[in-house]
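Have a look at the structure below, then the notes.
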Amino acid sequence: MLLVLFLSALGFTDAQNSFTVNGFTGTSGEIVVNSETGSSIFFWQFNAMNGNISTDTRPLVIWTGGGPGCSSEIGLLIEGIAPIQIDSSGNPINNPSSWHIRTHILAIDFPYDTGFSITNDPSEIQNTTSGAVQYLYTFLAKLATQYPSWFGRDIYWFGEDYSGHFIPAIASLILQNNQIQGNPIIKLKGIGLGSPWISAIDQMQYYDISASYIGLLSPSQRNSIWNVQSQLFSSISRKNYTGAFSNWQTLIQMMWNYTGVSMYNVRTTSNQTYQNLYYYLNQPSVKKNILNVPSSAIWNACNSQIFNSFASDAMQPITTPIIISLLSQIKVLIYRGMDDIYTNELGIHMWLVGLPWSNAIDFTETRRSTWSVQGNVAGYVQTGFNLTYVQVFGAGHEVGINQPYALRDLAFRFMFNQGWN
Ligand SMILES: *[C@@H]1O[C@H](CO)[C@@H](O)[C@H](O)[C@H]1NC(C)=O
Ligand SMILES: *[C@@H]1O[C@H](CO)[C@@H](O)[C@H](O)[C@H]1NC(C)=O
Ligand SMILES: *[C@@H]1O[C@H](CO)[C@@H](O)[C@H](O)[C@H]1NC(C)=O
Ligand SMILES: *[C@@H]1O[C@H](CO)[C@@H](O)[C@H](O)[C@H]1NC(C)=O
Ligand SMILES: *[C@@H]1O[C@H](CO)[C@@H](O)[C@H](O)[C@H]1NC(C)=O
Ligand SMILES: *[C@@H]1O[C@H](CO)[C@@H](O)[C@H](O)[C@H]1NC(C)=O
């Protein structure tokens, strides 16, 4: 069944279709968000095991990637979320850690010019979180019109890295718009922020300590890093956000130069590559039969122009008040891998300690405990009052690359209120 909707006289079309890959079913394609320009957002939905999103009420997990500018297909296919993964020769194989055993899955390439999502008119490109989530909401509303059954079930929105900015903002917009008559009701119950970029001023002050406490920096290197951190701090304090961003890029490059170790995972010396994904996602037959995107579409893992365009947004303290307001309305999960320096424990810890919400003291007094997966300690958890913070052993920034079962376990415990013991 091919659904083709002519949305305007100009003839820009949505193209979606159902697909089957390795026996797994779902719907994928592009939704035209702006019918005057044809700018579109790509989505890829997988049905839950023995489920059908058109007819059942199983929960839906929405996934968005980081960057900003990195495709959600990274999480889907490399971090063990989708029922398939891509082997080193670029072929789809079954993924034993898939989340579809209990939930439907919907990955969205966001913002525009990320993965398979495209703008046709430069004036539509937004370089702020608050600007970009407006068209993300338009996309969701169009998707809900097309597939009314999708959003009336419990929905959890997960993502990583820069999704720490995007998800709270879209969650807040959804909850507001749910109150307005005529909008689709999107039954959002919780958000999960993996290795999140939430608050630059808090998260950027601890690279020196985090790296030297694990033995990675010499005292003089630590001093040099501290110096750049101080510049960064004063740039942010003076609201010189693009200056702060450039200090930060310098700092990250210095860490590489000093250590040769990845800030995203201190147990590795290489950068993550996505060759198998490039190969698979750009194959004409895959685009045609599985993704339902035009043959001319080109998939890239990350778009550095988009990354750079959010320079100022990345440094601004916009997300903290949004999270405070969400905490009285939905469940909020924050998780990170313990081998990640980029979004390190101290930065998130200090942000949490200073978070001015109604249950701040009760939460910070809540003791941390271990949490186990199949009898083995998988990490630490602190939970109370709609807020849960989990740290995962043996994982870097992209937690599911290293610990896909622990990631699924923590996501399920959070969504299904299973407790942590
Ligand atoms: C899901 O249910 C719809 C409506 O009954 C049906 O058209 C569709 O084929 C089903 N999809 C799958 C994958 O079974
Ligand atoms: C902002 O910070 C950058 C980098 O530190 C610096 O080069 C620039 O002069 C600063 N701009 C202003 C207006 O202070
Ligand atoms: C890192 O090393 C490269 C190559 O030696 C050099 O060009 C660059 O300036 C260094 N960057 C920083 C921030 O130290
Ligand atoms: C990984 O990326 C960083 C930053 O671009 C670079 O400095 C470093 O040399 C890269 N490492 C490897 C092993 O390619
Ligand atoms: C963001 O976009 C505005 C115009 O919409 C532009 O003035 C600004 O320079 C952009 N910021 C960055 C960091 O590219
Ligand atoms: C937690 O969220 C629920 C909605 O899921 C809400 O009813 C409750 O008031 C919130 N709890 C607190 C302490 O804000």
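The values are calculated or read from the model by the stated rules, or taken from the named source; none is laboratory data. All of these numbers come straight from a predicted model, not from anything done at the bench. No Cβ is skipped: glycine too gets one built from the backbone with ideal geometry, and neighbour counts run over all protein chains shown.
The one condition from (1) over 30 Å from ASN344 (Cα atoms); (2) without any contact (Cβ under 8 Å) to a residue 40 or more places away in the chain; (3) of a type outside the set (Asp, Glu); (4) surrounded by fewer than 17 Cβ atoms within 10 Å (Cβ to Cβ) that GLN253 does not meet is (1). Note on segment 144-177: residues that are over 25 Å from GLY26 (Cβ atoms) and more than 21 Å from the chain's Cα centre (by Cα) total 2. Look at segment 293-313: where a residue is farther than 22 Å from ASP14 by Cβ and a partner is surrounded by fewer than 19 Cβ atoms within 10 Å (Cβ to Cβ) and among the small types (Gly, Ala, Ser), sitting 6+ places away or on another chain with Cβ atoms under 9 Å, you get ALA311/SER246; ASP313/SER130; ASP313/GLY131. Does LEU333 satisfy the criteria of being assigned to a strand (DSSP E or B) and in contact (Cβ under 8 Å) with a residue 60 or more places away in the chain? Yes; evaluated as a whole, the condition is true for this residue.
For segment 245-263, the count of residues that are closer than 21 Å to ASP161 by Cβ, away from ligand 2 (no atom under 16 Å from the Cβ) and part of a loop (DSSP other than H, G, I, E, B) is at least one.
Among the residues making up segment 152-185, those that are surrounded by fewer than 18 Cβ atoms within 10 Å (Cβ to Cβ) and touching a Lys or Arg at 6+ places or on another chain (Cβ under 8 Å) are GLY152, ARG153, ASP154. Is at least one residue of segment 86-106 on the phi > 0 side of the Ramachandran plot, in a loop (DSSP other than H, G, I, E, B) and surrounded by 23 or more Cβ atoms within 10 Å (Cβ to Cβ)? No, the conditions are met nowhere in segment 86-106. Of the residues making up segment 22-36, those that are crowded, with 18+ Cβ neighbours inside 10 Å and either assigned to a loop (DSSP other than H, G, I, E, B) or aliphatic (A, V, I, L, M) (or both) are ILE31, VAL32, VAL33, SER35.
Restricting attention to segment 121-164, and to residues there that are in a loop (DSSP other than H, G, I, E, B) and touching a Phe, Trp or Tyr at 6+ places or on another chain (Cβ under 8 Å), which single residue is nearest to VAL32 (Cα to Cα)? Per the stated criteria, the residue is ILE125.
Yes/no matrix, rows are residues, columns are (1) of a type in the set (Gly, Ala, Ser); (2) more than 16 Å from ligand 3 (Cβ to nearest atom); (3) surrounded by fewer than 16 Cβ atoms within 10 Å (Cβ to Cβ); (4) under 26 Å from THR319 (Cβ atoms):
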site	(1), (2), (3), (4)
TYR207	no, no, no, yes
SER212	yes, yes, no, no
LEU217	no, no, no, no
SER230	yes, no, yes, yes
SER237	yes, yes, yes, yes
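With within 30 Å of PHE245 (Cβ to Cβ) and of a type in the set (D, E, K, R) as the only criterion, which of GLU345, GLU365 stands out? Show your work before the answer.
On the way: GLU365 fails: within 30 Å of PHE245 (Cβ to Cβ).
Only one candidate passes the filter, namely GLU345.
Quick check: anything in segment 292-300 in contact with a helix residue (DSSP H, G or I) (Cβ under 6 Å, 6 or more places away or on another chain), away from ligand 3 (no atom under 16 Å from the Cβ), outside any helix (DSSP H, G or I) and at pLDDT 95 or above? Yes, segment 292-300 contains a residue that is in contact with a helix residue (DSSP H, G or I) (Cβ under 6 Å, 6 or more places away or on another chain), away from ligand 3 (no atom under 16 Å from the Cβ), outside any helix (DSSP H, G or I) and at pLDDT 95 or above.
Tell me yes or no: at least one residue of segment 410-421 is basic (Lys, Arg) and more than 30 Å from LEU77 (Cβ to Cβ). Quick ask: steps written out before the conclusion?
Applying the first criterion (basic (Lys, Arg)) to segment 410-421 yields 413.
Right, trim to more than 30 Å from LEU77 (Cβ to Cβ) and you get none.
No - not one qualifying residue is present in segment 410-421.
Considering segment 369-421, the qualifying strands (runs of 3 or more DSSP E), each wholly inside and each with 1 or more residues that are away from ligand 2 (no atom under 16 Å from the Cβ) and within 20 Å of HIS100 (Cβ to Cβ), run over 369-373. Among the residues of segment 258-278, are any surrounded by 17 or more Cβ atoms within 10 Å (Cβ to Cβ) and more than 16 Å from ligand 4 (Cβ to nearest atom)? For segment 258-278, residues surrounded by 17 or more Cβ atoms within 10 Å (Cβ to Cβ) and more than 16 Å from ligand 4 (Cβ to nearest atom): present.
Could you please find all residues in segment 354-368 being in a loop (DSSP other than H, G, I, E, B) and exposed (fewer than 11 other Cβ atoms within 10 Å of the Cβ)?
Narrowing segment 354-368 to residues in a loop (DSSP other than H, G, I, E, B): 354-359, 366-368.
Selection gives PRO356, ARG367.
Selection over segment 110-125 of residues that are touching a helix residue (DSSP H, G or I) at 6+ places or on another chain (Cβ under 9 Å), over 22 Å from PHE158 (Cα atoms) and either buried (at least 19 other Cβ atoms within 10 Å of the Cβ) or not hydrophobic (A, V, I, L, M, F, W, C) (or both) gives a count of 1.
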